[in-house]
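Asker: What follows is a structure written as structure tokens; I'll ask about it next.
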Amino acid sequence: MNNSAANTGRVLWAGLRALLVLTVITGVLYPLAVTGIAQVAFPGKANGSEVKVDGKVVGSELIGQTYNLPLKDGEETAAPDLKWFQPRPSNGLGSNSVNTEYSIILSGATNRSGDNEDLIQWVNDAKAAVIKDNSVRGYTVKPSDVPADAVTSSGSGLDPHISPEYAKLQVHRIAEKNHLTVAQVDKLVADHTDGRILGFVGEPRVNVLQLNIALKELTKG
């Protein structure tokens with residue numbers, strides 16, 4: 001019995017030592033090493049691809065955000081601030097949508113089928129709002145002008161990009177609201193349009209945050 005107990009004790013002590021050593025290596029040393037390497041080699045990406053203006057973090061290149069007016073008393077949903085380029089909807093516009101405010105806590109799609117009545121209504125409402133908001137004096141948006149990403153969300157609901165077509169659709173409104181020429185805003189969109197990766201992967205896209213930062217700089221001038 002004594003030998004058996006001693007053997008059991010040695011096995012348990014060996015197991016405990018292995019647990020402690022592996023915990024230190026995989027739970028402390030390895031994460032610290034990976035974090036250190038990432039901070040030295042890829043500091044921007046390691047910290048969430050933060051975008052800074054005048055030393056202040058204003059967002060991330062990888063996560064979309066809203067550009068809304070402050071909520072008024074009694075309002076449940078903030079109205080878009082139309083002096084800024086607007087992103088695509090974040091998973092629907094109704095009260096039952098998954099993520100209406102680009103909350104990074106919640107990512108996902110609505111999982112509604114193409115013939116779902118709620119989804120159809122959200123898209124129709126979004127299209128009507130896009131036409132109304134972007135039709136200004138001398139420029140009227142036609143229903144056929146509205147691209148899909150102006151009225152539908154991405155799979156994650158956090159897409160920071162819009163299509164060049166949606167950005168261009170907003171040009172006349174942006175010019176009017178910010179007292180700029182259409183040519184100035186057109187150039188801004190062109191300068192911030194990214195092409196396909198390696199020339200053939202994905203679609204051309206515009207990062208809304210970067211575009212609005214450039215717009216702010218332009219209006220300062």
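Asker: Where the second residue is open to solvent by 50 Å² or more (accessible area, probe 1.4 Å) and part of a helix (DSSP H, G or I) and the first is over 19 Å from PHE85 (Cβ atoms) and of a type outside the set (Asp, Glu) and lies in region 118-140, which pairs have Cβ atoms under 8 Å and are six or more apart or on separate chains?
Answerer: Listed pairs, sorted by first residue: ARG137/GLU176; GLY138/HIS172.
Asker: Could you list all residues from region 1-59 that are in contact with a Leu (Cβ under 8 Å, 6 or more places away or on another chain) and open to solvent by 50 Å² or more (accessible area, probe 1.4 Å)? It would help to see each step written out before you state the result.
Answerer: Step one: filter region 1-59 for residues in contact with a Leu (Cβ under 8 Å, 6 or more places away or on another chain), giving 48-49, 51, 58-59.
Result: VAL58, single match.
Asker: Further, regarding this structure: Please count how many residues of region 89-138 are open to solvent by 50 Å² or more (accessible area, probe 1.4 Å), closer than 30 Å to VAL182 by Cβ and modelled with pLDDT of 80 or more. Talk me through it step by step, then tell me what you get.
Answerer: Going through region 89-138, the residues open to solvent by 50 Å² or more (accessible area, probe 1.4 Å) turn out to be 93, 95-96, 100-101, 104-107, 111-115, 117-118, 120-121, 124-125, 127-128, 132, 137-138.
If we keep only those that are closer than 30 Å to VAL182 by Cβ too, we end up with 93, 124-125, 127-128, 132, 137-138.
Now restrict to residues that are modelled with pLDDT of 80 or more: 124-125, 127-128, 132, 137-138.
Residues in region 89-138 being open to solvent by 50 Å² or more (accessible area, probe 1.4 Å), closer than 30 Å to VAL182 by Cβ and modelled with pLDDT of 80 or more: 7 in total.
Asker: For the condition of a type in the set (A, V, I, L, M) and either at pLDDT below 85 or under 30 Å from PRO160 (Cα atoms) (or both), what is the one hit in VAL34, VAL11, VAL28?
Answerer: Working: VAL11 fails: either at pLDDT below 85 or under 30 Å from PRO160 (Cα atoms) (or both); VAL28 fails: either at pLDDT below 85 or under 30 Å from PRO160 (Cα atoms) (or both).
VAL34 is the lone residue from the list that is of a type in the set (A, V, I, L, M) and either at pLDDT below 85 or under 30 Å from PRO160 (Cα atoms) (or both).
Asker: Only one of these is over 27 Å from the mean Cα position of the chain (by Cα), closer than 30 Å to ILE174 by Cβ, at pLDDT below 90 and of a type outside the set (Ser, Thr, Tyr): GLY59, GLY74. Name it.
Answerer: GLY74
Asker: Please go through (1) in a helix (DSSP H, G or I); (2) open to solvent by less than 30 Å² (accessible area, probe 1.4 Å); (3) of a type outside the set (D, E, K, R) for ILE213 and return the number of the only condition it doesn't satisfy.
Answerer: Evaluating ILE213 over (1) in a helix (DSSP H, G or I); (2) open to solvent by less than 30 Å² (accessible area, probe 1.4 Å); (3) of a type outside the set (D, E, K, R) leaves (2) as the failure.
The values are calculated or read from the model by the stated rules, or taken from the named source; none is laboratory data. Remember, it's a predicted structure, so these values are computed and weren't measured experimentally. No Cβ is skipped: glycine too gets one built from the backbone with ideal geometry, and neighbour counts run over all protein chains shown. Heads up: the accessible areas ignore ligands, DNA and RNA and are worked out on the full protein's heavy atoms, side chains in. Shrake-Rupley method; radii C 1.70, N 1.55, O 1.52, S 1.80 Å.
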